[in-house]
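Worksheet: one structure, shown below.
What follows draws every value from the coordinates through simple rules; no lab data is involved. These numbers come from a predicted model, not from an experiment. Note that we place each Cβ from the backbone using ideal geometry, even for glycine, and neighbour counts take in every protein chain shown.
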Amino acid sequence: MNVSMTVNGRSVSADVEPRTLLVHLIRENLNLTGTHVGCETGYCGACTVHLDGKPVKSCTMLAAQAEGATIMTIEGLANNGELHPVQEGFWERHGLQCGFCTPGMIMSAAALLQANNNPSEEEIRHGIEGNLCRCTGYHNIVRAVEYAGAKMRGEEPAAPDWEEVS
Amino acid sequence: MATTSVMGGSVRRREDPALIQGYGEYVDDLTRTGLLHVAFLRSTVARAKITRLDTSAAKGMPGVIAVYTHEDVAHLGPLLAQVPIGKLRPLLAAGEVNHVGEAVAMVVAETRYQAQDALDGIEVDYDILPAVIDLKKAASDETKVHDELESNVIHTWTYHGYWEALGLEDQTPQVDAAMERDDAVVVSLEMTNQRLIPVAIEPRSVLAEYNPGYSCFTVHSSTQVPHALGGALATTFGMKSTEVRVIAPEVGGGFGSKLNVYNDEILVAFAAKELGRPVKWTKTRREAAGSTIHGRGWVGTATLVGTKDGQFLGYKLDAIADMGAYSQNFTVAIPLLGLWIASGQYKMPISWTVACVVTNTMTTDAYRGAGRPEAIYYLERIIDAYAREIGMDPFEVRKKNFWQADEFPATMGCGFSLDSGNYAAAVDKLIEVSDYAGMRQRQEKARAEGRLVGIGVGSYVEVCGFGPAVLAEIGFSWANYGLPASFNGSGLVRVNPDATATVVIGTGPTGQGHETTWAQIVGDGLGIPVEDIRVLHGDTREHPMGIGTFGSRSVSVDGTATFEATKKVREKAAKIAAHLLEAAAEDVVFEDGAAHIAGSPEKSVTWKAIAKSAYQAHTSPEDVDSGLEAHTSFSPGNATWPFGTHMAMVEVDPDTGDVEILEYHTVDDCGNVISPMIVNGQVHGGIAQGIGQAMFEDAIYDAEGNMLTGSLLDYPLPTAADLPSFDLHRTVTPSPINPMGVKGIGEAGTIGAAHTMVNAVVDAVAPLGVKHIDMPLRPKRVWEAMQEARA
């Protein structure tokens with residue numbers, strides 16, 4: 001069957017088997033491999049993309065269900081080479097280690113801050129609990145989202161909390 | 001913004017721009033023209049004879065190119081293992097299966113979906129045999145897992161007898177005698193350190209290509225040990241090392257689960273060679289749960305004997321460790337890592353026995369900490385129980401028995417020497433930074449209000465960055481994979497003609513930021529900006545030698561090799577600079593990207609000029625060879641022994657058993673620190689995995705050997721909402737084992753956290769009379785313990 005949608009601002013269409021998952025369309029037909037598959041069951045969130053502005057787990061959706069939708073993947077988040085504040089926050093506050101969960105985590109955090117750019121730590125933690133990270137213990141991910149929130153509010157982010165070597 | 005200084009500074013990671021924009025390249029992201037896809041048929045039963053295996057229908061299904069079974073690959077032998085005690089894994093099931101998830105047949109098809117579909121076309125009849133799952137029953141040999149083995153107990157580690165050549169003293173009589181003393185307080189607990197699934201978020205993936213024209217393999221794999229995989233492929237297929245190229249691109253987490261060489265890596269390469277087309281396989285999460293190595297899986301009884309005033313007199317552990325059905329890489333050797341730190345930070349006689357037992361389950365091997373979290377858990381839990389018994393503060397009892405700062409290097413009963421330490425100083429700092437006195441007051445207040453608030457303390461010492469080289473004699477190397485019998489580090493530093501530097505290292509990151517840390521080491525040594533340094537890793541064609549990433553060894557061993565190579569390059573550059581400046585090499589000083597004569601900074605020569613000269617014979621000194629590079633290997637004279645103490649404050653809901661973590665403080669000591677940012681990140685992640693074991697994770701097989709926790713719904717990892725922010729601090733006690741004075745930090749957090757959490761929860765419910773709860777401390781289990789105590 002043929003499916004058509006807008007991905008990262010570009011109109012795309014592809015001939016796929018009806019059972020094709022959205023994440024496979026994104027990765028294999030569109031070659032946007034930043035969206036990852038970690039569990040195929042929707043628990044880990046590595047496959048998170050924005051569909052019509054809302055975060056969805058693209059491994060538990062069929063490509064056909066996204067017909068006509070507007071999708072943004074991690075590759076579409078930076079604006080003309082300028083990092084999104086959440087991407088900047090992850091870099092500045094060491095919010096990633098192996099980087100595999102990172103695209104999904106960033107997409108969820110970006111959606112969270114779009115709805116509320118001044119979340120409490122608890123709101124951040126609940127906002128990203130659908131995305132699993134095995135490397136960071138989430139500590140620096142929370143700091144990264146706080147950094148991004150401050151940037152989006154036009155405020156100076158808090159200093160890093162690691163103890164520098166004296 | 002993070003600082004941009006080099007050694008000791010938190011440089012923003014060089015690897016991040018690609019990863020945060022979705023441009024990181026993991027194995028499953030790669031594709032090839034004519035790519036074929038693999039799916040494995042895996043056993044659905046734990047123990048059975050295969051009476052019929054019919055692949056004919058599958059072979060006729062759409063898109064199917066080949067279906068392979070044991071007969072097709074029997075000539076390649078079983079999967080190689082470094083410690084081949086027990087039964088080795090056949091590449092595909094050889095007439096019998098021994099655990100759920102064992103690979104029975106391999107389908108190769110045009111598409112991933114077609115390969116999966118064809119699994120339904122394979123018919124297998126199993127003659128089911130009784131499964132051996134329970135560890136104690138397995139150890140009793142009531143039913144044997146493998147007929148050809150004498151016993152299910154395939155090895156037993158004892159403290160004094162693990163390496164006969166060392167002639168170590170058996171301290172068991174001392175411990176037994178202490179128990180007979182009139183003033184002895186003896187505390188004993190039977191505890192489980194449950195089996196875990198490592199769960200790197202990236203499932204393992206392999207892409208193999210074989211070019212018959214060049215007789216060469218190119219294999220991309222999500223592995224921590226590309227050289228070991230290359231060696232295993234060369235050995236298995238009878239090829240030269242120059243004919244096998246293994247590449248580990250971005251690796252999405254490892255934690256030990258990608259430290260094994262796996263049968264699927266060999267099988268995918270086999271298919272690529274047979275079919276003359278590139279072949280890829282990416283594991284599904286459910287597959288991974290049953291066929292990527294597991295960790296831990298111990299039951300045992302710990303006993304501590306001491307005086308009424310808190311002096312330890314001896315410690316005894318009697319445990320059984322689950323090996324699973326087949327021995328892979330280091331399987332049987334994992335408890336040995338625990339043995340080396342069995343006495344923790346304390347000076348006392350030890351009696352320690354761990355029996356290695358086979359069962360009809362997936363193989364266990366190194367999962368973050370590997371033997372060390374298990375050993376420290378038993379020790380630190382029983383110390384906690386002892387302190388409670390004699391009514392002594394948990395910090396005080398520990399400090400009373402620590403090795404003292406002036407006793408290092410301190411030789412333990414296992415023969416190893418603790419390289420350096422100041423254990424009491426770390427505890428004193430923790431007491432101060434956490435406001436321990438205030439925490440106890442808040443706990444008292446909460447208890448007075450009827451709330452169940454607990455404070456748990458846990459110390460640890462770790463052994464990592466393994467050395468000396470003589471360990472190869474007891475199997476610590478990759479010699480069975482065709483690599484040298486050592487765990488030496490390797491580093492190559494090359495200054496290019498444009499004054500950039502290329503660094504080639506024998507270890508690679510699975511998230512630890514090697515590209516940044518190594519750029520800092522070299523940048524600091526040469527005065528070349530970090531952004532002009534490219535760190536290459538994970539490609540066996542580029543690297544002279546590589547042992548890989550495991551055992552928290554990268555910086556202290558391979559980092560040291562790079563540090564030494566940097567010094568050699570600098571010495572050579574000084575000769576060239578001296579020639580250009582018409583001065584003596586020993587007078588040359590490097591500063592701000594240039595060299596000048598000491599005391600005369602006005603007359604200098606830039607790195608660009610030095611680098612260019614190095615590659616043109618007519619401008620370099622006569623006695624200096626062309627080029628500007630050095631390759632150095634480093635053989636550590638001892639392991640490094642990081643340490644620390646953690647503390648958690650928790651509140652238990654008296655009605656539901658739900659545990660909330662209120663505070664988590666640590667003081668860790670990994671010697672000198674290259675990047676505080678990266679070191680803290682390692683500790684954060686380590687703590688989260690330790691808390692994961694303490695609170696949530698449990699790999700469960702039922703009595704028939706069915707894997708009950710094959711999805712992330714049944715095997716809950718900690719989420720962001722489950723964890724607090726962590727309050728990290730450090731002391732710095734440099735290691736004398738390497739010139740940078742560094743120790744490992746990758747596993748420390750995990751080794752410190754699990755017992756700290758259990759100690760905290762037990763402290764919370766101790767007023768009810770609870771003495772111990774086995775992990776994971778999910779609400780039901782805590783609630784049941786409280787109910788039992790109340791009854």
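Mind checking which of A:L30, A:L22, A:L132 has the largest fluctuation in a GNM of chain A, springs on alpha carbons under 10 Å?
A:L30
Relative to the longest principal axis of chain A, what angle (0 to 90°, nearest 10) does the C-alpha long axis of helix A:102-115 take?
80
Provide the net charge surrounding B:P278, with neighbours chosen by a C-beta distance below 10 Å and charges set as Lys +1, Arg +1, Asp -1, Glu -1.
Within the 10 Å Cβ shell, the charges total +2.
Quick check: the angle from helix A:139-152's long axis to the longest principal axis of chain A, C-alpha only, nearest 10 degrees?
Helix A:139-152 and the main axis of chain A meet at about 90 degrees.
Find out how many positive minus negative residues lie around B:A577, taking Lys and Arg as positive, Asp and Glu as negative, among other residues whose Cβ is under 13 Å from that of B:A577.
For residues surrounding B:A577, the net value is +1.
Can you give the relative contact order of chain B as a percent, counting alpha carbon pairs under 8 Å and 6+ residues apart?
For chain B, the relative contact order is 15 percent.
Out of the range B:63-158, which GluC sites (Glu not before Pro) are coil in DSSP terms and have no more than 15 other C-beta atoms within 10 Å?
B:E142, B:E148, B:E150
Report the full-extension gain for the segment B:K567 to B:E407: residue separation times 0.36 nm, less the Cα-Cα distance, to one decimal in nm.
Residue separation times 0.36 nm, minus the Cα-Cα distance, leaves 54.4 nm.
Of all the stretches in chain A, which is the longest one without any exposed loop site, taking trypsin sites (Lys or Arg not before Pro) in a DSSP loop (any state but H, G, I, E, B) with at most 13 other Cβ atoms within 10 Å?
Excluding the exposed sites themselves, the longest stretch runs over A:20-152.
By DSSP, what percent of the beta bridges with both residues in chain B are antiparallel, rounded to the nearest 5?
80
7 Å from Cα along Cα→Cβ at both B:S140 and A:T70: what's the point-to-point distance in nm?
6.8
What FRET efficiency would be calculated for the residue pair B:A791, A:V12, taking the C-beta separation as r and a Förster radius of 60 Å, to the nearest 0.05?
The pair B:A791/A:V12 has a calculated efficiency of 0.40.
Starting from the 7 Å offset along Cα-to-Cβ, what nm value, one decimal, do you get for the label separation of B:T307 and B:E123?
7.7
Please find the FRET efficiency linking A:E164 to B:D658, where r is the Cβ-Cβ separation and R0 is fixed at 35 Å, and quote it to the nearest 0.05.
Working from the Cβ atoms, E equals 0.40.
Give me Rg over Rh for chain B, both radii from the alpha carbons and Rh done the Kirkwood way, two decimal places.
0.99
Towards the positive end of the charge dipole of chain B, with charges on Cβ (+1 Lys, Arg; -1 Asp, Glu), say which of B:Y315, B:F255, B:G438 has the farthest Cα.
Result: B:F255, furthest along the dipole toward the positive end.
How high is the relative contact order of the range B:460-586? Use alpha-carbon pairs under 8 Å, at least six apart in sequence, and give a whole percent.
It comes to 27 percent, rounded to a whole number.
Quote the FRET efficiency, to the nearest 0.05, computed for B:L713 versus A:M1 with a Förster distance R0 of 45 Å and r equal to the Cβ-Cβ distance.
Approximately 0.90, to the nearest 0.05.
Within 10 Å of each candidate Cβ there may be at most 16 other Cβ atoms; applying that plus a DSSP loop requirement, which GluC sites (Glu not before Pro) in the range B:574-622 survive?
Counting only loop positions with at most 16 other Cβ atoms within 10 Å, the GluC sites (Glu not before Pro) in the range B:574-622 are B:E582, B:E622.
Taking the Cα centre as origin and putting +1 on Lys and Arg beta-carbons and -1 on Asp and Glu beta-carbons, what dipole magnitude results for the range B:635-791, to the nearest 20 debye?
Approximately 600 debye in magnitude.
Mind grabbing the base-10 log of I(q)/I(0) for the protein assembly as shown at q = 0.05, 0.07 Å⁻¹? Debye formula, identical points on the C-alpha positions, no solvent, two decimal places.
Summing over Cα pairs of the protein assembly as shown leads to -0.29, -0.58.
Label points 7 Å out from Cα along the Cβ direction at B:Q174 and B:E542: separation in nm?
Result: 5.0 nm between the two label points.
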